[in-house]
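Below is one structure, written out as structure tokens; the observations come after it.
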Protein chains: 2
Amino acid sequence: MTVRYKLTVEYDGAAFVGWQRQNNGLSVQGVLEEAVRRLTGCDCSAVAAGRTDTGVHALAMGAHVDLIRDYDPETVRKALNFHMKPHPVAVIEASLAPQGFHARFSALERSYLYRISNRPTPPVLERHRVWWISNPLDAERMSLGAAHLIGHHDFSTFRAGDCQAKSPFKTLDDLSVERQGDEVHIHARSRSFLHRQVRNMVGTLKMVGEGKWSPQDVKTALEARARAAGGPTAPPQGLYFVKVIYPA
Amino acid sequence: MTVRYKLTVEYDGAAFVGWQRQNNGLSVQGVLEEAVRRLTGCDCSAVAAGRTDTGVHALAMGAHVDLIRDYDPETVRKALNFHMKPHPVAVIEASLAPQGFHARFSALERSYLYRISNRPTPPVLERHRVWWISNPLDAERMSLGAAHLIGHHDFSTFRAGDCQAKSPFKTLDDLSVERQGDEVHIHARSRSFLHRQVRNMVGTLKMVGEGKWSPQDVKTALEARARAAGGPTAPPQGLYFVKVIYPA
């Protein structure tokens with residue numbers, strides 16, 4: 001008999017090979033599962049709302065772990081944080097999971113933020129936190145391009161070759177672009193995403209922002225339903241998993 | 001005959017012993033002067049608006065360097081950035097300095113930001129960028145305390161022992177406190193500051209925010225004109241030099 005805890009996890013993607021356990025380096029899942037083992041003495045599988053790639057950050061990843069004892073949730077939060085030191089991952093919230101809760105399958109909506117630093121000089125304070133693009137980007141033009149992607153579509157053009165989703169159809173609820181000083185922020189919201197969908201959409205919008213593509217070219221790329229028709233894949237360090245919504 | 005260039009410099013304080021050259025580690029000044037030497041083949045002294053301490057960051061530090069040739073300012077910016085790699089310091093703007101310009105003595109106003117992360121869990125993405133305080137802080141109460149420091153005062157209570165300023169009197173134009181989600185931001189603005197004045201004021205306001213001091217206690221501490229009457233020194237990693245104003 002185990003007790004399921006719902007966790008909200010923050011991590012610095014620069015330190016990890018991604019969420020999922022890999023043979024080639026430290027994963028967020030591995031660090032979290034090891035902390036559970038130190039707390040409980042038992043093995044456990046940590047499950048996340050999204051399996052972020054190497055270098056991708058999370059401000060508030062949804063996750064769950066099954067523990068062999070009925071701990072106070074604040075004890076779980078503090079103990080896991082203690083045992084995860086010094087790795088840059090932290091449990092910012094822990095609670096008893098509602099009946100039937102699953103961090104991945106219960107998720108109703110996921111949100112990502114992509115940060116571009118758009119100025120002539122490479123960023124130093126935000127070096128591992130943004131994609132640096134020195135050419136001036138036209139955020140309004142990028143918004144016009146993004147609008148073509150919102151809605152229910154076959155997103156094959158923005159899907160990584162190794163994507164395991166059964167269908168390339170997804171409903172993109174939001175894809176908005178806004179300038180904030182020297183940065184351009186892209187917000188993406190959907191029930192779920194294909195593998196690398198956000199980074200592939202961002203790389204395509206960058207082409208529009210630089211004036212190399214028209215906003216209409218994004219529609220053409222989408223309709224081609226082929227990865228080769230899309231823009232480049234944006235690098236991971238600008239991507240943040242920011243929020244997951246579960247049933248109340 | 002040399003040509004003076006006005007620079008705006010960004011740096012990650014975590015990598016340096018501070019602005020000023022020291023024998024015990026890498027300084028921003030040292031890295032910048034070495035880049036000038038690589039560009040011009042000559043030694044030069046870099047001067048900054050403020051000599052930040054170990055660990056203190058700069059978003060836009062004012063500085064100047066004297067070069068032996070009349071370079072295009074964009075060439076200076078790019079060449080210095082090239083030669084400063086991989087250190088986390090960058091020249092974000094370079095221009096020919098106006099006649100008589102001096103990065104330190106011409107400064108009319110300096111602004112600092114202090115960032116506190118105020119939540120139960122230690123920050124991981126912003127680990128070296130904020131002061132983490134887990135006890136809830138009352139930002140409005142801190143504002144009331146800060147108000148006692150604004151104006152022309154003897155700031156001996158907030159002055160480091162090694163401060164070299166001739167007088168402890170300064171005019172503090174602004175000291176405001178605002179909550180932004182999980183963070184508390186303190187903005188300080190003055191023509192100039194005593195050594196560690198901002199960090200000592202922040203450490204004192206933290207006592208007020210935690211409820212250990214009343215806002216009125218800040219006035220009492222100020223009037224004592226003794227460092228021992230003030231709160232602790234806030235750590236350097238939350239402090240940012242954000243702006244310097246020079247004559248138009």
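Annotations
- Positions from the stretch B:124-152 whose accessible area shrinks by 40 Å² or more when the full protein complex is built, not the chain alone, probe 1.4 Å: B:VAL124, B:LEU125, B:ARG127, B:ARG129
- Charge-dipole axis of the stretch A:1-127 as Lys and Arg at +1 and Asp and Glu at -1 on Cβ define it, positive-most pick from A:LEU125, A:THR54, A:HIS87: A:LEU125
- Heavy-atom accessible area, 1.4 Å probe, ligands and nucleic acids excluded: residues of the stretch A:47-82 down by at least 40 Å² from chain alone: A:ARG77
- Diffusion constant of the stretch B:109-245 at 20 °C, which comes from Stokes-Einstein with the Kirkwood Cα-pair radius and 1.002 mPa s, µm²/s: 146
- Carbon and sulfur %, accessible surface of the stretch A:1-80 computed with the full protein complex present, 1.4 Å: 44
- Overall form of the protein assembly as shown per C-alpha gyration tensor (a/c, 1.5; a/b vs b/c): oblate
- Here the scattering of chain B is modelled by Debye summation over its C-alpha atoms, one equal scatterer each and no solvent; at q = 0.13, 0.15 Å⁻¹ the log10 of I(q)/I(0) is -0.81, -1.02.
- Equivalent ellipsoid of the stretch A:61-174: semi-axes from √(5λ) of the C-alpha gyration tensor, largest first, are 35, 24, 12 Å.
- The DSSP beta bridges internal to the stretch B:69-220 are antiparallel in roughly 90% of cases.
- Using a probe of 1.4 Å on the protein chains alone, the accessible area found for B:SER95 is around 40 Å².
- Degrees between helix A:73-84 axis and first principal axis of chain A (Cα, 0 to 90, nearest 10): 70
- Listed residue (A:VAL208, A:GLY161, A:SER190) projecting farthest to the positive dipole end of the stretch A:144-248, Cβ model: A:GLY161
- Acute angle (nearest 10 degrees) that the helix A:197-209 long axis makes with the longest principal axis of chain A, alpha-carbon atoms: 30
- Residues in chain B average 45 Å² of solvent-accessible surface per residue, probe 1.4 Å, ligands and nucleic acids excluded.
- Of all the options B:ALA14, B:ALA58, B:ALA165, the one that moves most in a Gaussian network model of chain B with Cα springs shorter than 10 angstrom is B:ALA165.
- Bins of 10 Å, starting at 0 and running to the largest distance - Cα pair percent for the stretch A:3-96: 19, 58, 23, 1
- Low-density loop positions, chymotrypsin sites (Phe, Trp or Tyr not before Pro), the stretch B:78-123 - DSSP coil, at most 12 other Cβ in 10 Å: B:PHE105
- Chain B against chain A buries an accessible area of about 1700 Å², both chains summed, 1.4 Å probe radius.
- Taking the chain by itself as reference, the stretch B:1-15 contains these residues with an accessible-area loss of 50 Å² or more in the full protein complex (1.4 Å probe, heavy atoms): B:GLU10.
- For the cross-link pairs B:LYS219/B:LYS243; A:LYS6/A:LYS85; A:LYS243/B:LYS206; A:LYS206/B:LYS243, the ones whose C-alpha atoms lie over 22 Å apart are B:LYS219/B:LYS243; A:LYS243/B:LYS206; A:LYS206/B:LYS243.
- Where A:LEU96, A:LEU239 fall by accessible area, highest first, once all protein chains stay in place (1.4 Å): A:LEU96, A:LEU239
- Cα centre as origin, Lys/Arg/Asp/Glu Cβ charges: the stretch A:109-245 dipole, Debye: 400
- Of every Cα-Cα pair in the stretch A:78-138, the percent that sits beyond 14 Å: 74
- With the largest listed first and rounded to whole Å, the semi-axes of the equivalent ellipsoid of the stretch A:46-108 from the Cα gyration tensor are 19, 18, 9.
- The magnitude of the dipole of the protein assembly as shown, with charges of +1 and -1 set on the Cβ of Lys/Arg and Asp/Glu and taken from the Cα centre, is near 440 debye.
- Each residue was assigned an accessible area with a 1.4 Å probe, and for A:LYS78 the value is about 120 Å².
The values are calculated or read from the model by the stated rules, or taken from the named source; none is laboratory data. The structure presented is a predicted model; accordingly, all values stated were derived computationally and were not measured. As a convention, Cβ positions derive from the backbone with ideal geometry for all residues, glycine included, and neighbour counts pool all protein chains shown. Remember, those area values only see protein heavy atoms, side chains included, never the ligands or the DNA or RNA. Shrake-Rupley method; radii C 1.70, N 1.55, O 1.52, S 1.80 Å.
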